[in-house]
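Asks: Pasting a structure below so you can have a look.
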């Protein structure tokens, strides 16, 4: 459980912005540089003003877009907005759903922009910075579709808003940025930054399009880290709160919760899928592709679904190095920086829908086996009856509840390793 003062701040705010808040606005040192004096541009802009000020942050995720407005004093201390620590508003779907119509993508942000303008005093809007960070949804778009959407958003902000923004402040976060921001934000809020790496917590963030894992490793592990031939280095050196960290971070594109469904459908050999609930016959749309979804005549099976999920995750892919997670990716070597784990986003959301976590609280302790136990119940239930057993299940998730639970369990136990399986997970709600 989170019990420090920073934890109290976490309990006050159950929305996904700790990444941006902690890195762009709160942390005094840049996550992106070993230079002790390096600072994030937005933070530098805020520090240039001595009076009360605001910041507007757009989180453009794969499943939806959110806006967060924060109010600060002259020392960058958070001030309340009404009865809350922030102004928050969300809309669906995400920007990537408008791949063929960039203007429509930008226009989907208008209600959020209007909401932010209604909160920030008009006389302060011209000096209030606005940033937008997009994640896996836009990263997965082909060609120049993502850049066209970003440019349309820049035009929207420039033409319809008086907030202060620059083109480079509307951008796509790469997977390693996303993972490292999450790690730094959570550890900042827990009061771990500045301590030895052994005192930090690992983070696993299961988004819609990708999943990120990050944790600090020893100097010895860093010296022996293999080269990642397919992308960013596995380990990044960070200087945070006067402490050096070797941060292992990897982003698995196409293995988020929603993208993972598509991978499981791709792995099916025929039309029927053992992960689909009995009685369901329809289609699942993702990434511009429609997948036929139909349960076998005998209904779904958690055992067969698990085998199919392991195949989709490429658990048995060739590992060029000694220790791998899934799909042949180095696992960082484990160690003390991974002994405590915060899992977030869809891990919490799906867990909340089946009663593993209580939505009255932003965090809860849980074990992966609880997801398997819930899956065993869901997988033997007809699609028409699932609400009677799990009444909190969102309608759009009902046909895939068996699949989602098995996917999360398999991802933790087989994907990220049995070391995680032997520990309780601190599931932190970051919406």
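The values are calculated or read from the model by the stated rules, or taken from the named source; none is laboratory data. All figures in this text were calculated on a predicted structure; none of them were measured in a lab. Note: ideal-geometry Cβ built from the backbone for every residue, glycine included; neighbour counts use all protein chains shown.
Asks: Would you check which residues across the stretch 186-204 are over 18 Å from residue 339 (Cβ atoms) and touching a helix residue (DSSP H, G or I) at 6+ places or on another chain (Cβ under 9 Å) and list them? Before you say what the answer is, go through the steps one by one.
Replies: Of the stretch 186-204, the ones over 18 Å from residue 339 (Cβ atoms) are 188-189, 194.
The answer is 188, 189.
Asks: Can you tell me which residues in the stretch 379-403 are surrounded by fewer than 13 Cβ atoms within 10 Å (Cβ to Cβ) and under 21 Å from residue 258 (Cβ atoms)?
Replies: Passing the criteria: 392, 394, 395, 396.
Asks: Here is a follow-up. Among the residues of the stretch 36-47, is any modelled with pLDDT of 90 or more and within 25 Å of the chain's Cα centre (by Cα)?
Replies: The initial filter retains those residues of the stretch 36-47 that are modelled with pLDDT of 90 or more, namely none.
No, the stretch 36-47 has no match at all.
Asks: Can you name the residue in the stretch 61-100 that is touching a helix residue (DSSP H, G or I) at 6+ places or on another chain (Cβ under 6 Å) and not in a strand (DSSP E or B) and, of all such residues, is surrounded by the most Cβ atoms within 10 Å (Cβ to Cβ)?
Replies: 95
Per-residue answers, yes or no, for (1) buried (at least 20 other Cβ atoms within 10 Å of the Cβ); (2) assigned to a helix (DSSP H, G or I):
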site	(1), (2)
132	yes, no
137	yes, yes
143	no, no
150	yes, yes
184	yes, yes
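Asks: Among the residues of the stretch 207-220, how many are modelled with pLDDT of 95 or more and under 16 Å from residue 404 (Cβ atoms)?
Replies: 1
Asks: Would you mind finding the one in 101, 59 that is at pLDDT 50 or above and farther than 29 Å from residue 341 by Cβ? Please lay out each step first, then the result.
Replies: Details: 59 fails: farther than 29 Å from residue 341 by Cβ.
Step by step, each of 101, 59 is checked, and only 101 is at pLDDT 50 or above and farther than 29 Å from residue 341 by Cβ.
Asks: Of all residues in the stretch 65-95, which are at positive phi and modelled with pLDDT of 85 or more? Break it down into steps so the answer makes sense when it comes.
Replies: Going through the stretch 65-95, the residues at positive phi turn out to be 76, 82.
The one that is at positive phi and modelled with pLDDT of 85 or more: 82.
Asks: Kindly list the number of the only condition in (1) on the phi > 0 side of the Ramachandran plot; (2) under 22 Å from the mean Cα position of the chain (by Cα) that fails for residue 335.
Replies: All conditions pass for residue 335, except number (2).
Asks: Where residues in the stretch 389-430 are touching a strand residue (DSSP E or B) at 6+ places or on another chain (Cβ under 8 Å) and assigned to a loop (DSSP other than H, G, I, E, B), which of them is modelled with the highest pLDDT?
Replies: Within the stretch 389-430, the subset touching a strand residue (DSSP E or B) at 6+ places or on another chain (Cβ under 8 Å) is 399-400, 408, 411-412, 416, 420, 423-430.
Going one step further and asking which of them are assigned to a loop (DSSP other than H, G, I, E, B), we end up with 416, 423-424, 429-430.
Values: 416: 92, 423: 62, 424: 64, 429: 50, 430: 51.
Ranking the qualifying residues of the stretch 389-430, first place goes to 416.
Asks: What is the residue count in the stretch 351-388 for residues that are in a helix (DSSP H, G or I) and within 23 Å of residue 308 (Cβ to Cβ)? Break it down stepwise before answering.
Replies: Initially, the stretch 351-388 is screened for residues in a helix (DSSP H, G or I), giving 351-353, 368-378, 386-388.
Filter once more, so that each one left must be within 23 Å of residue 308 (Cβ to Cβ): 351, 353, 368-378, 386.
Of the residues in that region, 14 qualify.
Asks: Additional query: For the stretch 318-335, how many residues meet the condition of being loosely packed, with under 15 Cβ neighbours inside 10 Å and touching a helix residue (DSSP H, G or I) at 6+ places or on another chain (Cβ under 8 Å)? Walk me through it before giving the result.
Replies: Kept after step one, since they are loosely packed, with under 15 Cβ neighbours inside 10 Å, are these residues of the stretch 318-335: 318, 320, 322-323, 328.
With touching a helix residue (DSSP H, G or I) at 6+ places or on another chain (Cβ under 8 Å) added as a condition, the list becomes none.
Residues that pass the stated criteria total 0.
Asks: Find the residue count for the stretch 152-163, including only residues that are touching a strand residue (DSSP E or B) at 6+ places or on another chain (Cβ under 9 Å) and either surrounded by fewer than 17 Cβ atoms within 10 Å (Cβ to Cβ) or outside the structural domain of residue 117 (by TED's automatic domain parsing) (or both).
Replies: Of the stretch 152-163, the ones touching a strand residue (DSSP E or B) at 6+ places or on another chain (Cβ under 9 Å) are 153-154, 157, 161, 163.
With the extra rule that they be either surrounded by fewer than 17 Cβ atoms within 10 Å (Cβ to Cβ) or outside the structural domain of residue 117 (by TED's automatic domain parsing) (or both), the set shrinks to none.
Summing the residues that are touching a strand residue (DSSP E or B) at 6+ places or on another chain (Cβ under 9 Å) and either surrounded by fewer than 17 Cβ atoms within 10 Å (Cβ to Cβ) or outside the structural domain of residue 117 (by TED's automatic domain parsing) (or both) in the stretch 152-163 gives 0.
Asks: Tell me the strands (runs of 3 or more DSSP E) entirely within the stretch 220-317 that contain at least 3 residues that are buried (at least 23 other Cβ atoms within 10 Å of the Cβ) and either touching a strand residue (DSSP E or B) at 6+ places or on another chain (Cβ under 6 Å) or in the same structural domain as residue 61 (by TED's automatic domain parsing) (or both). It would help to see each step written out before you state the result.
Replies: Working: elements: 235-240, 243-253, 281-286, 289-294.
Passing ranges, in order: 243-253.
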